[in-house]
1. Among the residues in region 188-200, are any within 19 Å of the chain's Cα centre (by Cα), in a helix (DSSP H, G or I), crowded, with 19+ Cβ neighbours inside 10 Å and not acidic (Asp, Glu)?
2. Restricting attention to region 1-60, report how many residues are among the charged types (D, E, K, R), modelled with pLDDT under 95 and surrounded by 21 or more Cβ atoms within 10 Å (Cβ to Cβ).
3. Which members of region 27-57 meet the condition of being in contact with a strand residue (DSSP E or B) (Cβ under 8 Å, 6 or more places away or on another chain) and either assigned to a loop (DSSP other than H, G, I, E, B) or farther than 29 Å from Asp133 by Cβ (or both)?
4. Filter region 207-224 for residues that are among the aliphatic types (A, V, I, L, M), touching a residue at least 60 places away in the same chain (Cβ under 8 Å) and not in a loop (DSSP other than H, G, I, E, B); which is nearest to Trp187 (Cα to Cα)?
Amino acid sequence: MSLTPDRPTRMGVIDYTNVWPVTYHFDKQRLSRPIEIVTKVPAVLNRALIAGVLDLSPVSSFAYGLACSRLALLPGLSVSSEGPVNSILVFSKEPLQSAASGTIALTNTSATSVNLLKIIMEKYYGGRPVYWDSEPDLDKMMDTSDAALLIGDHAIKASWRDHGYYVTDLGKVWKDWTGFGMTFAVWAVQQSFAKDNAKWLGEIAEALHASRQQSAADLSPLVLKACRELGGTEAYWNHYFQNLTYDFTEERQRGLQLYFDYCHELNLLDHPVQLSFWNETTGTQVKR
């Protein structure tokens, strides 16, 4: 997938606040080549990267698992949590375990959280609910369901409402159950693109890491932007951003590998997954 002079690199950006610390200070104008930014919800970016429409993108971790034979992970970048994530939430009329044999409405905006919920309901609670896909509208979802899964900014806004539902944070359930944090999104690149554009990809990766580091040093611009665009308080958003982690340590990799192993065991994926990381010097390397 060599670039031609008239085709810019196409890079996705998730349209949720949880990726802002990696993307907020990313300035494509400072890069040496043209780059086109495509900002969409995870489900759209997942499909675009798998279809080859995007060269690289943050995607739901599950989407990487679907196409792991053709994709490589950018090292050191993820959206993860060590416990509660505050934006992957299940709203239920009774405690979540009561919905183990009931009906659960699933957001149609991401895949990782949907399958994490299925793993938790079957492996942890021992249930087999009926699922249906829905637009992320809590009231409509709960009209005919015992529980509803929302993610990202939709989950955050719903958590601020006085709706009377039980609220379960899937990041906390996963941590309490497995002992691992949960990685909800990763940065992935087409292996063919990475092979043909190693130095250019290295420049992009370096700019993403620099943005993450700048955000970690001063969250105030992100906090003010979140208050202005979504509401809430500075205290809420400071806690939200500080609670998430954006690196991709060996421990997080082990947690994500366990998630993929469960996905394969439950036939949510029809193949096993091995994490394959891009390396500017040696190309892609499979972590076994």
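1. Here is the first cut: in region 188-200, the ones within 19 Å of the chain's Cα centre (by Cα) are 188-190.
In the following step, the residues that additionally are in a helix (DSSP H, G or I) were identified as none.
Checking region 188-200: not a single residue is within 19 Å of the chain's Cα centre (by Cα), in a helix (DSSP H, G or I), crowded, with 19+ Cβ neighbours inside 10 Å and not acidic (Asp, Glu).
2. Here the count works out to 0.
3. Across region 27-57, the qualifying residues are Lys28, Arg33, Pro34, Ile35, Glu36, Val41, Gly52, Val53, Leu54, Asp55.
4. Residues of region 207-224 that are among the aliphatic types (A, V, I, L, M), as a first pass: 207-208, 210, 216-217, 219, 222-224.
Then drop every residue that is not touching a residue at least 60 places away in the same chain (Cβ under 8 Å), which leaves 207-208, 210, 216, 219, 222.
Next cut, not in a loop (DSSP other than H, G, I, E, B) only: 207-208, 210, 216, 222.
Working: Ala207: 13, Leu208: 10, Ala210: 15, Ala216: 18, Leu222: 20 Å.
Residue satisfying both the conditions and the ranking: Leu208.
Yes/no per residue for (1) in contact with a Ser or Thr (Cβ under 6 Å, 6 or more places away or on another chain); (2) β-branched (Val, Ile, Thr); (3) farther than 23 Å from Leu222 by Cβ:
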{"position": "Pro8", "(1), (2), (3)": "no, no, yes"}
{"position": "Trp20", "(1), (2), (3)": "no, no, no"}
{"position": "Arg30", "(1), (2), (3)": "no, no, no"}
{"position": "Ile37", "(1), (2), (3)": "no, yes, no"}
{"position": "Leu54", "(1), (2), (3)": "no, no, yes"}
{"position": "Pro58", "(1), (2), (3)": "no, no, no"}
{"position": "Arg70", "(1), (2), (3)": "no, no, yes"}
{"position": "Ser80", "(1), (2), (3)": "yes, no, no"}
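Okay, residues lined up against (1) over 19 Å from Tyr259 (Cα atoms); (2) in the same structural domain as Val13 (by TED's automatic domain parsing):
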| position | (1), (2) |
| --- | --- |
| Ser57 | yes, yes |
| Gly65 | no, yes |
| Cys68 | no, yes |
| Asn115 | no, no |
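The values are calculated or read from the model by the stated rules, or taken from the named source; none is laboratory data. Keep in mind the model is a prediction, meaning the values are calculated, not measured. We place every Cβ from the backbone using ideal geometry, glycine too, and count neighbours over all the protein chains shown.
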